[in-house]
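One structure is given here, and the rest of the page talks about it.
Derivation of every value follows stated rules applied to the coordinates shown; laboratory data play no part. Bear in mind that the values here come from a model prediction, so they are computed numbers and not experimental data. Virtual Cβ from ideal backbone geometry, glycine too; neighbours counted across all protein chains shown.
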Amino acid sequence: MNTIKIERHNRVVTVRLHRPHVLNALSGELMTELLDALRPLDADPEVGCFVVTGSEKVFAAGADIREMSGKSAVDMAAEDYFAGWEEFASFRTPRIAAVNGYALGGGCELVMMCDLVIAGESAVFGQPEIKLGVIPGIGGTQRLTRLVGRAKAMDLILTGRTMDAHEAERSGLVSRVVPDDRVLPTATEAAATVAAYGTPAVRAARECVDRALETGLTEGTLFERRVFHALFATEDQKEGMSAFLEKREPNFRGC
Ligand code: CO8
């Protein structure tokens, strides 16, 4: 692989974006390599969480402007350019973004496709596409608005200004801000924690939380209650509740 590096420790897989000469700009090759690498891991029951990160200096400075710049509208539509990122968004394995430095444009959109976002003090978020004569194209106008609200989303997308890690946390884009050198360790610890829980409950929790962005309160709470009921069909529910009552650690088996 030319553009990413993958490491696996027990149930946690870490994907490192690796195009340092262009600040990890997201090219078509990077997207393809990342999807090809993660697709089988997403289907592997022994994998419990993904961590997506960049370098200590930059997460990703957006889609690759050089790659896009010469394309026509017909090229973009014919390729359905970057539609593949929706496959990443639809993976069932939970994912944690570990962000140092710039997460701009497509980099910020990739962050928003993750479930938890651990940001270092140096992290910078934004959707500056307006400065290039375009708009966000990997879900930025939709996910940012749902996550931070219309007022903040309009501010970021129309002015192209960036926000630091603390503003991003206050706005609801970031889960936790930690010192820069704690970003990857914190993300990896959180990933190991998530990966140790029962897969049916983790998947159910993700689906229910994401449903909140798509549906009304009555329908969403009914969906949640039905999923809650269904989890009583799992061995993990019996194990989790028995372990609590027997004052021991649970041993979840993902079934
Ligand atoms: N694409 C390609 N190359 C890039 C990118 C990028 N997004 N960002 C940086 N680079 C390159 C630079 O060209 C430079 O290369 P070289 O050394 O050959 O000149 C190298 O990386 C280092 O960059 P800088 O010298 O600019 O570094 P600075 O530290 O001075 O500045 C910044 C860092 C502020 C991050 C600056 O590089 C920058 O503004 N980058 C562009 C940010 C941006 O506009 N991102 C949005 C891109 S568009 C996008 O993401 C749209 C997604 C939707 C597409 C889907 C379509 C359907």
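Distance from the C-alpha centroid of the range 45-107 to that of the range 172-246: 24 Å, rounded to the whole angstrom.
When only alpha carbons of the chain are considered, Rg and Dmax amount to 18.9, 65 Å. Among the listed pairs Lys71/Lys131; Lys5/Lys247; Lys5/Lys152; Lys131/Lys152, those with a Cα-Cα distance over 29 Å are Lys5/Lys247; Lys5/Lys152. Summing charges over neighbours of Ile4, with a neighbour being any other residue whose Cβ is under 11 Å away from its Cβ, gives -1 when K and R count +1 and D and E count -1.
Towards the positive end of the charge dipole of the chain, with charges on Cβ (+1 Lys, Arg; -1 Asp, Glu), say which of Met112, Phe223, Ala97 has the farthest Cα. Checked the options; the winner is Phe223. Mean residue ellipticity, 222 nm, helices only, the chain: the sum of -39500 (n - 2.57) across DSSP H runs of n ≥ 4, divided by residue count and rounded to 500, is -13500 deg cm²/dmol.
Within the range 4-195, DSSP assigns beta bridges of which about 30% are antiparallel (rounded to the nearest 5). About its Cα centre, the chain has a charge dipole of approximately 460 debye under the convention of +1 per Lys or Arg Cβ and -1 per Asp or Glu Cβ, with nothing else charged. For the range 48-124, applying the loop criterion from DSSP together with a ceiling of 13 other beta carbons within 10 Å to the trypsin sites (Lys or Arg not before Pro) yields Lys57, Lys71, Arg92.
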